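The structure appears below as structure tokens.
The values are calculated or read from the model by the stated rules, or taken from the named source; none is laboratory data. None of the values given here were measured: they were computed from a predicted structure. Because the Cβ atoms are built from the backbone with ideal geometry, glycine has one as well, and the counts that use them run over all protein chains shown. In case anyone asks, the SASA skips ligands and DNA or RNA and just uses the protein heavy atoms, side chains included. Shrake-Rupley method; radii C 1.70, N 1.55, O 1.52, S 1.80 Å.
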Amino acid sequence: MYKIKKCSEVSDSQIFRAFTEGFSDYIVQVQMDEASFVNRFFGPEGNDRNLSYIAFKKDTPVGVILSGIKLNEDFKTLRCGGMAVVPTERGTGLAQRLFKLHEKTAVEIGCRQLFLEVINGNDRAIKFYKNMGYEKTYDLTYRTWNLDGRNPLTIDRDYLEKKVQQMTYDDIYSLRRVDHSHLPWQGAFPYFKSIPCHFYGIKDNDNIVAGIVATNNRVFYLWVHPEKRNKGYGKALLNRVITDLKPEVLNIMYSNNHQIHTFANHYNMTIAPINQLEMYKWLG
């Protein structure tokens, strides 16, 4: 009934059609043109056409599963970067076929686990993933800080503000030698490496002890060494971002990180109405 091909064997237009029609009734409306879709989902999102599959009914694309290797995990991991089946083909077993092929591919390339994100409240999808063997591991929280062109921060210690330096990707990445916290995929270094970001850090005795990665509307990464917390380092980094980039809004996301959660509460960052779950399946 269905013919399934690798996404590397078809056009991006066919992939885009399967994706957009499959997500046409999704909780969050997917609104992007084909070029934006390709640039995002085969760019920072890390999907690989050779690891992704598309299903056809006759010559019409009716389902797709996007996949890519998730870096920065303890075990080689295949991430599902999006799975969609058009409404008329749901309940036919097509979704199960796509996921079984996704898992078969993971085993063939030596992955030890599978990973995906799903909107909390999308009960049908969550039930499906659980039936496929996935378990919820982390909660993914989104926060928004409306600045409206102002800087609500006051720096009490000028010396900290003056110690903030512009840095490189590699400089801030070096913090991962001591920062072993779990990072959500869109807050992980492989994700934002290809995105034009600004990198700032603070050094003590020539060692980087705090860093931030941000654009003019999003904080991807913020970390302060445990010995330097509650001393204004995170505040000084945020102040530099606001001063230099002049954001109207700053968005931040995190997975079960109580330090960032408390930090965001302190600055009255609004919790978004939609959050996600991170789910894993161990392959052994």
Fill in: Local electrostatic count at residue 107 - Lys and Arg +1, Asp and Glu -1, tallied over other residues with Cβ under 14 Å
+3
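Taking 35 Å as R0, compute the FRET efficiency from the Cβ-Cβ separation of residue 59 and residue 195 and round it to 0.05. Don't skip to the end; give the middle numbers.
On the way: r = 36 Å, r/R0 = 1.03.
The formula returns an efficiency of 0.45 here.
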Worksheet item: Between residue 92 and residue 75, 0.36 nm times their residue separation minus their Cα-Cα distance comes to what?
Response: 2.8 nm
Response to the item:
Residue-ordered couplings for segment 193-210, obtained by feeding phi - 60° into the Karplus form 6.51 cos²θ - 1.76 cosθ + 1.60 and rounding to whole Hz (Gly and Pro as x), are 4, 8, 9, x, 10, 10, 10, 10, x, 10, 10, 10, 6, 6, 10, 6, 10, 7
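Add +1 for every Lys or Arg and -1 for every Asp or Glu among the other residues with Cβ under 15 Å from the Cβ of residue 217, and state the total.
Numbers: positive: 143, 218, 246; negative: 148, 244, 248.
Charge balance in the 15 Å sphere: 0.
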Practice prompt. For residue 203, list the lysines whose Cα falls under 16 Å from its own Cα; do not include residues on the same chain fewer than 8 positions away.
Written response: 162, 163, 228, 231, 235
Worksheet item: Rounded to the nearest 500 deg cm²/dmol, what is the calculated helix-only ellipticity per residue at 222 nm for the chain, with -39500 (n - 2.57) per DSSP H run of length n ≥ 4?
Response: -8000 deg cm²/dmol
Practice prompt. Sort 232-241, 19-28 for me by packing, meaning the mean count of neighbouring Cβ atoms within 10 Å per residue, highest on top.
Written response: 232-241, 19-28
Worksheet entry | Å² per residue, accessible surface of the chain at 1.4 Å | 50
Fill in: DSSP-defined beta bridges in segment 57-166 - what % are antiparallel, rounded to 5
75
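Starting from the Kirkwood Rh over alpha-carbon pairs, what translational D in µm² s⁻¹ does segment 127-284 have by Stokes-Einstein at 20 °C and 1.002 mPa s?
Working: Rh = 16.6 Å.
Calculated translational D: 129 µm²/s.
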Response to the item:
The answer for residue 137, listing residues at least 5 apart or on another chain whose modeled amide H is closer than 5 Å to its amide H, is 278, 279, 280
Worksheet, complete the sentence: HN-Hα couplings for segment 273-284 via Karplus (6.51, -1.76, 1.60; θ = phi - 60°), in whole Hz with x for Gly/Pro, come out as x, 10, 10, 10, 10, 9, 10, 10, 10, 7, 9, x
Worksheet entry | Amide proton proximity set for residue 82, modelled H, under 5 Å, gap of 5+ | 66
Practice prompt. Keeping the other protein chains in place, figure out the carbon and sulfur percent of the accessible area of the chain, with a 1.4 Å probe.
Written response: 46
Worksheet item: Given the Cα-Cα distance of residue 203 and residue 228 and 0.36 nm per residue of separation, how much length would full extension add, in nm?
Response: 7.9 nm
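How much net charge surrounds residue 49 when only the other residues with a Cβ under 10 Å from the Cβ of residue 49 are counted, with Lys and Arg +1 and Asp and Glu -1? Before the final figure, lay out each step's value.
Details: positive: 6; negative: 9, 12, 48.
Combined, the nearby Lys, Arg, Asp and Glu give -2.
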Item to complete: Would you list, by chain and number, the aspartates and glutamates whose Cα falls below 16 Å from the Cα of residue 6, excluding same-chain residues fewer than 8 positions away?
Response: 48, 59, 103, 108
Worksheet, complete the sentence: Options (1) 59, 41, 37; (2) 68, 40, 31; (3) 53, 44, 38 are given for Cα extents along the principal axes in Å, and the computed one is (2)
Worksheet entry | Spacing of the two label points (7 Å from each Cα toward its C-beta) at residue 180 and residue 272, in nm | 3.0
